[in-house]
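Presented below is the structure to which this report refers.
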Amino acid sequence: MDRIRIELYRPRHARPLVELWRASFEHGVGITDSHPIEEQRAFFEAKVLPENTVRVALGASGLVGFIASTPESIAQLYVAVPFIGQGIGSQLLALAKLESSGTLWLYTFARNARARVFYERHGFRDSGHGFENMWNLEDIKYIWSRSVGAA
């Protein structure tokens with residue numbers, strides 16, 4: 001595996017980040033996103049970027065993952081499909097935990113079994129099920145607490 005470097009998002013990362021996000025989402029959830037890629041990029045720049053700290057994971061092959069988080073929540077955490085299972089998501093998640101206020105919450109889709117196992121392995125607990133309107137899919141809210149789920 002490449003040596004991974006985590007750094008703050010820069011505008012030059014926009015296109016590869018959105019392409020990675022889409023491919024990883026489609027792989028994990030098992031659906032095809034029919035939205036134009038530029039629409040997703042506009043959403044990222046208008047909503048995700050201003051409301052979160054975004055960090056990218058870079059390897060010799062380029063951008064291999066990213067996380068968008070606040071001290072209270074994780075909005076996005078995605079790893080490039082060829083790099084899933086190599087510890088990149090764990091590194092990004094560890095950084096979010098370190099910078100957290102002591103608890104973190106996030107949502108993932110119920111049908112994304114790999115993500116559910118990943119978060120549960122890292123101390124997140126299912127705190128309730130809901131429904132995400134855009135994709136018409138069941139989602140799960142997960143919560144992690146430093147006092148309950150060790151770093």
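A short reminder: the numbers here are calculations on the coordinates, not readings from a lab. Not measured: the values here are computed from a predicted model. Here the Cβ positions follow ideal geometry from the backbone for every residue, glycine too, while neighbour counts run over all protein chains shown.
Yes/no per residue for (1) in a loop (DSSP other than H, G, I, E, B); (2) touching a Ser or Thr at 6+ places or on another chain (Cβ under 6 Å):
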| position | (1), (2) |
| --- | --- |
| Val18 | no, no |
| Gln40 | no, no |
| Phe44 | no, no |
| Leu58 | no, no |
| Pro71 | yes, yes |
| Gly89 | no, no |
| Lys97 | no, no |
| Ser101 | yes, no |
Check your understanding: Taking the stated definitions as given, is Pro11 out of contact with any strand residue (DSSP E or B) (no Cβ under 8 Å at 6 or more places or on another chain) and either closer than 19 Å to Met134 by Cα or crowded, with 20+ Cβ neighbours inside 10 Å (or both)?
Key -> no
Practice item. Note down all Cβ pairs under 6 Å where the first residue falls in the stretch 109-135 and is within 15 Å of Leu77 (Cα to Cα), the second is assigned to a strand (DSSP E or B) and of a type in the set (Ser, Thr, Tyr), and they're at least six residues apart or on different chains. Key: Ala115/Thr108; Tyr119/Tyr142; Phe124/Tyr142
Study note, to complete from the structure: Per the filter on the stretch 10-35, residues more than 14 Å from the chain's Cα centre (by Cα) and either of a type outside the set (A, V, I, L, M) or closer than 23 Å to Tyr107 by Cβ (or both) are Arg10, Pro11, Arg12, His13, Arg15, Pro16, Gly30, Ile31, Thr32, Asp33, Ser34, His35
Practice item. Can you give me the number of residues within the stretch 94-112 that are under 24 Å from Phe131 (Cα atoms) and of a type in the set (A, V, I, L, M)? Key: 3
Study note, to complete from the structure: Taking the stretch 67-102 and keeping only residues that are in contact (Cβ under 8 Å) with a residue 60 or more places away in the chain and small (Gly, Ala, Ser), one is left with Ala80, Gly87
Review point. So which residues in the stretch 20-33 are part of a helix (DSSP H, G or I) and hydrophobic (A, V, I, L, M, F, W, C)?
Key: Leu20, Trp21, Ala23, Phe25, Val29
Exercise for review: Select, from Ser73, Ser100, the only residue that is small (Gly, Ala, Ser), surrounded by 15 or more Cβ atoms within 10 Å (Cβ to Cβ) and in contact with a Pro (Cβ under 7 Å, 6 or more places away or on another chain).
Suggested key: Ser100
Review point. Among the residues of the stretch 36-45, which ones are surrounded by 11 or more Cβ atoms within 10 Å (Cβ to Cβ) and either more than 16 Å from the chain's Cα centre (by Cα) or at positive phi (or both)?
Key: Ile37, Glu39, Ala42
**Study point:** Matching option when the condition is touching a residue at least 60 places away in the same chain (Cβ under 8 Å), within 19 Å of Pro11 (Cβ to Cβ) and surrounded by 13 or more Cβ atoms within 10 Å (Cβ to Cβ), among Val29, Val48, Val54, Val64
**Key:** Val64
Exercise for review: Tell me which residues, restricted to the stretch 106-151, are of a type outside the set (Val, Ile, Thr) and assigned to a helix (DSSP H, G or I).
Suggested key: Ala113, Arg114, Ala115, Arg116, Phe118, Tyr119, Glu120, Arg121
